[in-house]
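This report refers to the structure that appears directly beneath it.
No lab work stands behind these numbers, since they all come straight from the coordinates. For clarity, every value in this text was computed on a predicted model and none was experimentally measured. As a convention, Cβ positions derive from the backbone with ideal geometry for all residues, glycine included, and neighbour counts pool all protein chains shown.
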Amino acid sequence: MANSPRDDVFKPNLSRTESKAESVSRVAKTAIRQEIASRDAKTARLRAARLARDAAAPAPEPVAPRRSRAKKASTAAGA
């Protein structure tokens, strides 16, 4: 039973324009899903590489904070 009469009753009949739009939409969604999957794979690969690099590199020595210079007291001219 490939096509039962019940399937034909509830299946909407799409116009030519709607069926074309449906196929374009399906292709676009497939392309978007592939791009998301490749982006996620690249992110995971780069994250693993960064973590491996950070684990292999020695910890940087802490840098002492610079002291700011004290401002000289200015004298008011003519006062």
Vicinal HN-Hα couplings computed from phi for region 27-35 (Karplus, 6.51 cos²θ - 1.76 cosθ + 1.60; Hz; Gly/Pro x): 5, 5, 5, 5, 5, 5, 4, 5, 5
Arg67 paired with Ser15, simple spin-label distance in nm, labels 7 Å along Cα-to-beta-carbon: 8.2
P(r) weight above 17 Å for region 13-56, C-alpha pairs, percent: 56
Residues Ser68, Ser15 arranged by fewest to most Cβ contacts within 10 Å: Ser68, Ser15
Label-point separation, Ser38 to Ala57 (7 Å along Cα→Cβ), nm: 2.9
